[in-house]
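Reading through the C-alpha cells given below for one structure.
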C-alpha cells in the first residue's frame, strides 16, 4: 500500500540517514580521545594543567580519571543512539509504506523508550562523575543539569509504544472479522 512521500517523511529519512553516518564518526572521535589519554597521558596532563597554572597532583589525576569515565560513557551513548536511530528509521519507512500501525513498530518504540531511559541514566552518571572530580583548582564544567522534559519524553515513548501495540492489535482483530 504505497503512497506519496510527504516532504516531512523525506526530510526525516534524510536526517536519520545522515545521523546514522555522523553518529559513529562522533563515537570514534570520543574513543580516539579516550585512547589518547592513555597513549599521551603526559601531554594530556600538561594541557589540562596549563589552563590553571597548576602542578601535577592527585586532583589533576582524579580529573583525568573522571574525564576518561565520561569519554567511555560517551562512547556507550553513541552505541545506544545508533540503535535508536536505526529503529526510528525503520518506523519512518513503515509510515512511508502506509502501514505504521504494526506490532513491530510498537516493539521498536518500546526499544527506543528503553534506550532513551538508558541515555538519561548515562547523562545522570556523567553529571555525577563531573561533579565528583571537579574542584575549584580543576573545574570540570560540562554544563550538566537535570532536564524534566527529557524524562517526560521517555514516559511519552513508553505510552506511545503501548498505543501503537493496542492500535495494531485492534487492526488485526478488525481484519480478522472481515
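Taking segment 124-143 as the range and being crowded, with 17+ Cβ neighbours inside 10 Å and without any contact (Cβ under 8 Å) to a residue 60 or more places away in the chain as the test, only 126 passes. Scanning segment 132-178 for residues that are over 21 Å from the mean Cα position of the chain (by Cα) and either at pLDDT 95 or above or assigned to a helix (DSSP H, G or I) (or both) yields a total of 18.
The values are calculated or read from the model by the stated rules, or taken from the named source; none is laboratory data. Since the structure is predicted, the reported quantities are computational estimates derived from the model, not experimental observations. Backbone-built Cβ (ideal geometry, glycine too); neighbour counts: all protein chains shown.
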